[in-house]
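Following: one structure in structure tokens, then a few remarks.
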Amino acid sequence: MTEHTMPTSVTTRLSPAKINLFLHITDKRADGYHNLQTVFRLLDWGDYLHFSTADKLISTLDNSVNNSRVDINSLCGQLLTLAGADTITSSIEDNLIFKAASALLVAAIDSNKLPAQLPLVQVTLDKHLPMGAGLGGGSSNAATTLMTLNNIWQLNFTQSELINIGTKVGADVPIFIFGQDAIAMGIGEELTAIDLAEQQYLVLTPNAHVNTAKLFAHPQLQRDITALSIETIQNQTIDYVQYLNKPYQNVFTPVVISLAPAVDEALRYLQGLESQALSTARMTGSGSAVFLPLDSSVTIDKALLAKWIKDAPCAGYMVGSL
């Protein structure tokens, strides 16, 4: 292995959360996945990733001959160290940050973009988003890793190429690479930008987790919502941004609240605030987090907001759109 010295630098990136303003399943695909329709909203709240570039370059030549899982994991293990994620996965290779870096290296090999030498990078995860909350924390970490390593390693993949790579890592990864509020279709990779007004949200994160695979297999999950056109979704923001009017809904809500009493309690708490916030409380994604949009036309003083958070049955956060 050949090493050469280089300057050390640190890059810090926000790995933002997302919420789903609504979430529909329209049908099941031949490949076993489900076709979805949703509007993703990115938040100014999330995890932070610190990328420290070490003072040496590592040769990749001996590892790029055979594009096998073992070789890629070995190469990725030499190029990437991960701190702050010990409690998330038992093995570094199961972490989405590591998987994203591996997928990036595979793409670089496949496209003949892998340099002969790459700098060693340490990624330090400063975790704030709870796992399994439907806020996209792991997917956001993966997307932030893809975009940042693409720059550090000077691989020069375009945004659309990174989205394709991200799809292989996780269905929610593309929205974070897209980097703006969007209508999503397919498994979440077909993205169309949508311009939404800035908004504040009260987000509650109950200490509950329901297995995603279990949810998708649940007999009560509705999987046949009539598909809407992009134009319809763009023109009907009044029905799902502030309030949640039919046909818009989150199809996972009745299933999750039946399986997780803590989510039911948190959602009921927010529903009790709807008349003051002039909005509809709802669940995000297929996870446990629930949120209440705040109407920008209504002045809610800081003391009252603080009381809402203090009285909540679980951890609460006041956050804004990104």
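The figures follow:
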read-out: Whole-number accessible area per residue in Å² for segment 85-216, which is evaluated in the context of all protein chains at 1.4 Å; value: 41 Å²
read-out: Lys, Arg +1 and Asp, Glu -1 on Cβ, resulting dipole of segment 16-115 about Cα centre, debye, nearest 20; value: 300 debye
read-out: Degrees, to the nearest 10: 302-311 long Cα axis against longest axis of the chain; value: 90 degrees
read-out: Within segment 274-308, backbone nitrogen closer than 14 Å to the virtual label 7 Å beyond the Cα of Thr237 toward Cβ; value: 296
read-out: Cα long-axis angle, helix 69-79 against the chain (0 to 90 degrees, to the nearest 10); value: 80 degrees
read-out: Heavy-atom surface of segment 220-322, accessible at 1.4 Å and reported per residue (Å²); value: 49 Å²
read-out: Computed over the chain, Cα set: Rg, Dmax in Å; value: 20.8, 65
read-out: For a label point 7 Å along the Cα-to-beta-carbon line of Gln180, residues of segment 228-257 with backbone N under 11 Å; value: none
read-out: Within the chain: Cβ-based charge dipole about Cα centre, in debye rounded to nearest 20 (Lys, Arg +1; Asp, Glu -1); value: 380 debye
read-out: On Cα atoms only, tilt of 137-152 relative to the major axis of the chain in degrees; value: 40 degrees
read-out: The chain - percent relative contact order, Cα under 8 Å, separation 6 or more; value: 22 percent
read-out: Among Thr284, Ala83, Asn73 - extreme Cα towards positive end, dipole of the chain, charges at beta-carbon; value: Thr284
read-out: Distance violations [Cα-Cα > 31 Å] among Lys214/Lys302; Lys18/Lys214; Lys56/Lys113; Lys127/Lys307; value: Lys214/Lys302
read-out: Segment Asp31-Lys214, length gained on full extension (0.36 nm per residue, minus Cα span); value: 64.1 nm
read-out: Inter-label distance, nm, simple model (7 Å from Cα along the C-beta direction), Asp55/Asn151; value: 2.4 nm
read-out: Carbon/sulfur fraction of accessible area - the chain, other protein chains in place, 1.4 Å, %; value: 50 percent
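The values are calculated or read from the model by the stated rules, or taken from the named source; none is laboratory data. Bear in mind that the values here come from a model prediction, so they are computed numbers and not experimental data. Heads up, the Cβs are rebuilt from the backbone with ideal geometry, glycines too, and the neighbour counts pull from every protein chain shown. With ligands, DNA and RNA removed, areas are computed over all heavy atoms of the protein, side chains included. Shrake-Rupley method; radii C 1.70, N 1.55, O 1.52, S 1.80 Å.
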